[in-house]
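Participant: Take a look at this one; I'll ask things after.
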Amino acid sequence: MSKTALITGITGQDGAYLAEYLIKKGYTVHGLKRRSSLFNTERIDHLYQDPHVENRNLILHYGDLTDSLNLTRVICETQPDEIYNLAAMSHVKVSFDTPEYTANADGLGVLRILEAVRLLGLTKKTRIYQASTSELYGLVQEVPQKETTPFYPRSPYAVAKLYGYWIIVNYREAYGMHASNGILFNHESPLRGETFVTRKVTRAIARIALGMQDKVYMGNLSAKRDWGHAKDYVRAMHLILQQDKPDDYVIASGVTTSIREFILRAFREIGAELRFQGSGINETGLLDAVDDKVFSQKIGPEYLDAFRKKIGRELVGIDANYFRPTEVDLLIGNADKARKKLGWEPEYTLQTLIEDMMQSDIKLMKKDSYLKQGGYHVLNYFE
Ligand code: NAP
Ligand code: GDD
């Protein structure tokens, strides 16, 4: 018998990889998507099946985490064996601008799902995965962070996720529900939203190399993150729900890197050596040298002369608008529990993650259609 999963946030980075992964495993996947005036299903278009196809394994439902009746109806209609609650207003900086909405969707949204499962009498059937986050550790109380490290959230996003974390634990203890938290550290990919730091950098480097953009403005370059690949992290989500007992797990690479270092390494990927000088909002990243062979191989010899003219110029600047009112300075996770109990091991390193993202963004930006459109329509990630 094939299993049925419901994924909220199926149109996001993790939702897309998880849907693909579960379909390959023989699941029937239901996804919750928000109504939007523009198409918002680009990341899962390669999985889409026309509603008239018989025995579809991907079925989308309109819905929203702020709408209890909708969630209850969709869960009632789909009777899922597993729910992956990935939907969220997931941008930390934006949560300072939309704190009430963030609390509603990211905090109360979790409660709505738990209550729907309970009221529908599905507590014994339906297992629930909650997308918890390393942002819970915020102003870190221990290095590295593990499951027992005290939380200290530093943004409306993290505070909302803290509610989500504890309501999962509470319903597990109160009603015996199979509800688990995956405390995932940052994970990235070619599908990452364009305003998260890694994707902003890889996208900008590809555009600068192709002469589509002169410079990129960044925020705090000194923050450090523990980055992994989203493909590895969705495998962990699935493993968590396959355990006999529900529990909470840290999923992390165990390596931390500053934003500055990430930028240097991503530029190196196209044969460009950057040099940072100055400090605070006056810090700049100048192009120091170009490896002609690597650049020609990765970007194309026809772009080399124009790029070499940028030597000595500022390619990275700082814009204070990208700083956060309260910052999370350092994240580094200890995933020993997941390794031991789940048998989870990541396949990607930071280096292979950067290679994957750079390669994908160069290909994307080089597309004729993309260039003609001014570069703002990001389609067909999976090509
Ligand atoms: P993402 O790309 O921003 O995707 C978020 C998804 O949630 C999108 O499908 C979005 O729909 C949907 N969504 C937002 N608000 C909603 C609402 N009110 N009702 C229904 N759907 C809503 O995020 P991600 O990187 O895939 O992350 C997945 C989950 O893991 C999130 O909960 C995030 O907070 C958490 N997390 C992420 C990381 C990470 O490093 N990526 C680490 C730890 C935890 P639209 O496509 O319509 O916007
Ligand atoms: N977005 C962004 N843009 N971040 C920048 C920039 C910039 O121009 N410049 C510096 N940064 C710094 C941020 O201040 C932060 O310290 C770090 O880069 C990472 O920022 P994001 O990529 O936006 O991710 P995040 O760590 O705030 O949040 C992500 O990871 C969390 C898990 O730790 C999101 O995916 C969250 O949803 C997730 O919970």
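The values are calculated or read from the model by the stated rules, or taken from the named source; none is laboratory data. As the structure is a computational prediction, the values presented were derived from the model and not from experiment. Here Cβ is always computed from backbone atoms with ideal geometry, including for glycine, and neighbour counts include all displayed protein chains. These area figures cover heavy atoms from the full protein model, side chains too; ligands, DNA and RNA do not enter into them. Shrake-Rupley method; radii C 1.70, N 1.55, O 1.52, S 1.80 Å.
Participant: Given an 8 Å cut-off on Cα distances and at least 6 residues of separation, report the relative contact order of the chain as a percent. Walk me through the numbers on the way to the answer.
Facilitator: On the way: 746 pairs, mean separation 64.7, N = 383.
Computed over the chain, the figure is 17 percent.
Participant: If you don't mind, there's one more thing I want to ask. Could you name the lysines in cross-link range of Lys309, using Cα to Cα under 27 Å and dropping any fewer than eight places away on the same chain?
Facilitator: Here the lysines satisfying the reach criterion relative to Lys309 are Lys200, Lys215, Lys293, Lys298, Lys363, Lys366, Lys367, Lys372.
Participant: Treating the beta-carbon of each Lys and Arg as +1 and of each Asp and Glu as -1, no other charges, what is the dipole magnitude of the chain about its Cα centre, to the nearest 20 debye?
Facilitator: Numbers: 49 positive and 48 negative charges, 46 e Å.
It works out to roughly 220 debye.
Participant: So what is the relative contact order of the stretch 1-121, in percent, for Cα pairs below 8 Å that sit 6 or more residues apart? It would help to have the intermediate numbers written out before the result.
Facilitator: Working: 170 pairs, mean separation 36.7, N = 121.
The value is 30 percent.
Participant: Take the chain, connect every pair of alpha-carbon atoms lying under 10 Å apart with a spring to form a Gaussian network, then pick out the residue of Lys224, Lys363, Lys24 with the largest mean-square fluctuation.
Facilitator: Of Lys224, Lys363, Lys24, the Gaussian network model singles out Lys24 as fluctuating most.
Participant: Solvent-accessible area of Arg308, probe 1.4 Å, all protein chains present, reported in Å² to the nearest ten, please.
Facilitator: Roughly 90 Å² of Arg308 is accessible to a 1.4 Å probe.
Participant: Please work out how much length the chain gains when fully extended from Ser279 to Val143, using 0.36 nm per residue of separation minus the C-alpha to C-alpha distance, in nm with one decimal. Intermediate values should be presented prior to the final figure.
Facilitator: Working: separation 136, 0.36 × 136 = 48.96 nm, distance 2.61 nm.
46.4 nm is the gain from fully extending Ser279 to Val143.
Participant: Keeping every protein chain in place, order Ile59, Ile208 by accessible area at 1.4 Å, biggest value first, i.e. largest first.
Facilitator: From most exposed to least exposed: Ile59, Ile208.
Participant: Continuing with the same structure: What is the mean projected area of the alpha carbon convex hull for the stretch 121-169, to one decimal in square nanometres?
Facilitator: On the way: hull surface 15.9 nm².
Taking a quarter of the hull surface, the average projection is 4.0 nm².
Participant: Can you tell me which of Leu38, Leu315, Leu364 moves the most in a GNM of the chain? Springs connect C-alpha atoms under 10 Å apart.
Facilitator: Evaluated over the chain, the most mobile residue of the options is Leu38.
Participant: While we're looking at this one, here's another question. At 1.4 Å probe size, what's the solvent-accessible area of Asp64? Round to the nearest 10 Å².
Facilitator: Counting only protein heavy atoms, Asp64 exposes about 40 Å² to solvent.
Participant: Same structure, new question: What is the count of Lys pairs in the stretch 14-135 whose alpha carbons sit under 27 Å apart, if the two are 8 or more places apart or on different chains?
Facilitator: The number of close lysine pairs in the stretch 14-135 is 9.
Participant: When the chain is fully extended, how far beyond the present Cα-Cα distance does Lys25 get from Phe96, taking 0.36 nm per residue of separation?
Facilitator: Working: separation 71, 0.36 × 71 = 25.56 nm, distance 3.86 nm.
Roughly 21.7 nm would be gained on extension.
Participant: Using a ≥ b ≥ c from the Cα gyration tensor of the stretch 90-223 (square roots of the eigenvalues), is it rounded, prolate or oblate, where a/c under 1.5 gives rounded and otherwise the larger of a/b and b/c decides, a/b for prolate? Could you put the intermediate results ahead of the total?
Facilitator: Details: a/c = 2.45, a/b = 1.99, b/c = 1.23.
It is prolate, given that a/c is not under 1.5 and a/b is the larger ratio.
Participant: Among 169-176, 197-204, how do they line up from the highest to the lowest mean number of other beta-carbon atoms within 10 Å? Spell out each step's value before the answer.
Facilitator: On the way: 169-176: 14.6, 197-204: 22.6.
By packing density, highest mean first, the sequence is 197-204, 169-176.
Participant: Report Trp166's accessible area, 1.4 Å probe, all protein chains in place, as a number in Å² to the nearest 10.
Facilitator: Counting only protein heavy atoms, Trp166 exposes about 130 Å² to solvent.
Participant: In what sequence, largest accessible area first, do Glu347, Glu82 appear using a 1.4 Å probe? Could you put the intermediate results ahead of the total?
Facilitator: Working: Glu347 145, Glu82 5 Å².
Listed by decreasing accessible area, they come as Glu347, Glu82.
Participant: Mind computing the radius of gyration and Dmax over the alpha-carbon atoms of the chain? Å is fine for both.
Facilitator: In order Rg, Dmax, the Cα atoms of the chain give 21.4, 67 Å.
Participant: For the stretch 44-124, would you read off the P(r) tail past 16 Å as a percentage of all alpha carbon pairs?
Facilitator: Values: 1923 of 3240 pairs.
More than 16 Å apart: 59 percent of the Cα pairs in the stretch 44-124.
Participant: Label the stretch 285-337 by shape, choosing from rounded, prolate and oblate, from the square roots a ≥ b ≥ c of the eigenvalues of the Cα gyration tensor; if a/c is under 1.5 it is rounded, and otherwise prolate applies when a/b is larger than b/c, oblate when it is not. List each step's numbers first, then the result.
Facilitator: Working: a/c = 3.96, a/b = 1.71, b/c = 2.32.
Taking the square roots of the gyration eigenvalues as a ≥ b ≥ c, the stretch 285-337 is oblate.
Participant: Taking the convex hull of the Cα atoms, report for the stretch 1-50 its projected area averaged over all directions, in nm². Kindly include the intermediate steps, with their values, before the conclusion.
Facilitator: Details: hull surface 14.3 nm².
Mean shadow area of the hull around the Cα atoms is 3.6 nm².
Participant: Between Ala223, Ala335, Ala131, where does the largest GNM mean-square fluctuation fall for the chain, given springs only between Cα atoms within less than 10 Å?
Facilitator: Result: Ala223 has the largest fluctuation of those listed.
Participant: Sticking with this structure for a sec: Over its Cα atoms, what ratio of radius of gyration to 2.2 N^0.38 Å does the stretch 186-273 give? List each step's numbers first, then the result.
Facilitator: On the way: Rg = 16.0 Å, N = 88, 2.2 N^0.38 = 12.1 Å.
Output field value: 1.33.
Participant: What percent do you get for the relative contact order of the stretch 230-339 when only Cα pairs under 8 Å and 6+ apart count?
Facilitator: 32 percent.
Participant: At Leu38 and Tyr322, where each label point lies 7 Å from the Cα along Cα→Cβ, what is the point-to-point distance in nanometres?
Facilitator: With each label point 7 Å from Cα toward Cβ, the separation is 2.0 nm.
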